[in-house]
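Engineer: Please read through the structure below; I'll follow up with questions.
A short reminder: the numbers here are calculations on the coordinates, not readings from a lab. Note that the structure is a prediction, hence the values are computed from the model and not measured. Quick reminder, even Gly has a Cβ in these numbers, built from the backbone with ideal geometry, and neighbours come from all protein chains shown.
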Amino acid sequence: MTLDLAPAATTSPYLTVEHEAFRESVRAFLHREMAPHAAQWERERTMPRPVWRKLAGQGLLGLQHARAVGGEEKDIFHSVVFLEELGRLGFGGVRFAVALHAYMATSYLASDGSHALKERFLRPAVAGELLAGLAITEPQAGSDLSRLSATAREEGDELVVDGEKRFVVNGGFADFFVTAVRVGEAHNGTGPAAGGARRDLSLCVIERERPGVHVSANDCVSWRASAMADVSFQGVRIPRANLIGRRNGGFVQIMKNMQLERLAAGLTAVGDAAHCLEITWRHLKRRGAFDATLSTRQALRHRMADLLTEVEATRQLAHYAAWSYARDPLSITACSMAKLKATEVARTVAEECQRLHGADGFREGAALVQIVHDAQAATVAAGASEVMRDIVVQSGYEESHDHR
Ligand SMILES: Cc1cc2nc3c(=O)[nH]c(=O)nc-3n(C[C@H](O)[C@H](O)[C@H](O)COP(=O)(O)OP(=O)(O)OC[C@H]3O[C@@H](n4cnc5c(N)ncnc54)[C@H](O)[C@@H]3O)c2cc1C
């Protein structure tokens, strides 16, 4: 029993023969170029440059991006397939490093960046030559964006940025950070800027090499290969042209791009859960007990059946969300549901599969230990489950014309 994500196209009404052929080539690439090294990258908390260029060589860092910047401009279901397969590798840090670069940070440049910013940052990011981080969260501000306090003071044609960012995926090696700031306010360094509100947010690109940028490793136990870091900006001067989109347009940009972020988080979680079931079923088939193998015990067979059903139902929801997103990038309800359901299911699957591995699942260094850590973190990153539920209630009931 496996959750085979690559059988006939009939497993999802949205996937064509072309998508499944693409899946075969992506899977072959990931297994050849990434699987043999991913455990080492997770241990060493890094993803080396050459693998990014190989991903780019396959077009995998620009599936969604325009041909004008070197992207592939493929339909959303190519990304669906890629993100599921990336998740299915079974390495949380690797999948999130790539997903963040290709679907979460660079998406702001694609949607709102000027031509000059696209040429300076997006084109090289699609080519795997420059790597991206997304610096939004702060010590005093996570779920509640109105509490963000990093500021960018205006001085002629420059902005001077001060502030602290936390949990920046790819922070250890990113060449630039897409950063949320408040333009024009004094930074008090302790909490919400005076009059702090969502409408005052702006996004800008800050290059790692600029004087005043300090990066320190974040010791998060999850997603290790993503080289998570804390980033401090102290009097960092950037050209005003580094603003992405209009001044004070940040909150709207975040709302717009977060749907893709949630979708990507959900799809990688589906792949992660499928991988977890696969390794667990293999384990149950090998593990002898009571004159047979554990895979023959009805209680375990039924549990695996329930988990498999949950994952497949979740996968269909995520595909629906992708379809919905392709029609309307502001598909808030569908994308939030997909993120909520997929990351929660992946967490449940990981925790149950750890138990089904018996004591071996709890050994220091056991694959399941890291899988559980990574799956738990995914229910917080890119918006905690409680926040997703708030959004689903608000957008699904209160703002929906269908339900009035
Ligand atoms: C692995 C990982 C990677 C991350 N990567 C990045 C990154 O690359 N860039 C970046 O900027 N940030 C990143 N983050 C930060 C992430 O966006 C925040 O952790 C998230 O938004 C939650 O914020 P917080 O941690 O400050 O939790 P808080 O806002 O302090 O919330 C704590 C907990 O309270 C609960 N909660 C929050 N709000 C509500 C509510 N309205 N109702 C009920 N319960 C609620 C949730 O359970 C939540 O987990 C990452 C986080 C993790 C764990």
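Engineer: Of all DSSP beta bridges in the chain, what percent run antiparallel (nearest 5)?
Structural biologist: 85 percent
Engineer: For segment 251-396, with only Lys/Arg (+1) and Asp/Glu (-1) charged at the beta-carbon, what is the dipole magnitude about the Cα centre, in debye rounded to 20?
Structural biologist: So the dipole magnitude of segment 251-396 works out to roughly 300 debye.
Engineer: Label segment 9-131 by shape, choosing from rounded, prolate and oblate, from the square roots a ≥ b ≥ c of the eigenvalues of the Cα gyration tensor; if a/c is under 1.5 it is rounded, and otherwise prolate applies when a/b is larger than b/c, oblate when it is not.
Structural biologist: Oblate.
Engineer: Note down the net charge around GLN64, summing +1 for each Lys or Arg and -1 for each Asp or Glu among other residues with Cβ under 11 Å from its Cβ.
Structural biologist: Summing Lys and Arg as +1 and Asp and Glu as -1 gives -2.
Engineer: What list do you get for ASP390, ASP272 if you sort them by fewest beta carbons within 10 Å?
Structural biologist: By the 10 Å Cβ count, ascending: ASP390, ASP272.
Engineer: In debye, nearest 20: dipole of the chain around its Cα centre with unit charges on the Cβ of K, R (+) and D, E (-)?
Structural biologist: 460 debye
Engineer: A follow-up question, please. Per DSSP helix of 4 or more residues, -39500 (n - 2.57); summed, then divided by the residues of the chain. What does that give at 222 nm, rounded to the nearest 500?
Structural biologist: Per the formula, -14500 deg cm²/dmol.
Engineer: Mean Kyte-Doolittle hydropathy of 0.0 or higher plus an axial Cα length of 27 Å or more: which whole DSSP H helices in the chain meet both?
Structural biologist: Membrane-span-like by this criterion, though nothing is claimed about a membrane: 250-286, 332-356.
Engineer: Pick out, from PHE251, ALA264, LEU284, the residue whose Cα sits farthest towards the positive end of the charge dipole of the chain, with +1 on the Cβ of Lys and Arg and -1 on the Cβ of Asp and Glu.
Structural biologist: LEU284
Engineer: Rounded, prolate or oblate: pick one for segment 217-325, where a ≥ b ≥ c are the square roots of the eigenvalues of its C-alpha gyration tensor, a/c under 1.5 means rounded, and failing that, prolate if a/b is larger than b/c, else oblate.
Structural biologist: Oblate is the answer for segment 217-325, as a/c is 1.5 or above yet b/c matches or exceeds a/b.
Engineer: Answer with one residue from SER324, GLY92, SER146: the one whose Cα lies farthest towards the positive end of the charge dipole of the chain, charges on Cβ with Lys, Arg +1 and Asp, Glu -1.
Structural biologist: GLY92
Engineer: Charges on Cβ only, +1 for Lys and Arg, -1 for Asp and Glu, centred on the Cα centroid of the chain; of ALA174, VAL236, ALA56, which one is farthest towards the dipole's positive end?
Structural biologist: ALA56
Engineer: Taking the beta-carbon count within 10 Å as an exposure proxy, list TYR325, TYR108, TYR397, TYR320 from fewest neighbours to most.
Structural biologist: Result, fewest neighbours first: TYR397, TYR320, TYR325, TYR108.
Engineer: Sort segment 97-242 into rounded, prolate or oblate with this rule: let a ≥ b ≥ c be the square roots of the eigenvalues of the Cα gyration tensor; rounded if a/c is under 1.5, and if a/c is not under 1.5, prolate when a/b is larger than b/c, oblate otherwise.
Structural biologist: Since a/c reaches 1.5 but b/c is at least a/b, the shape of segment 97-242 is classed as oblate.
Engineer: With springs only between Cα atoms under 10 Å, which of VAL169, VAL311, VAL369 fluctuates most in a Gaussian network model of the chain?
Structural biologist: VAL369
Engineer: Can you sort ASP306, ASP157, ASP200 so the residue with the fewest Cβ neighbours within 10 Å comes first?
Structural biologist: ASP157, ASP306, ASP200
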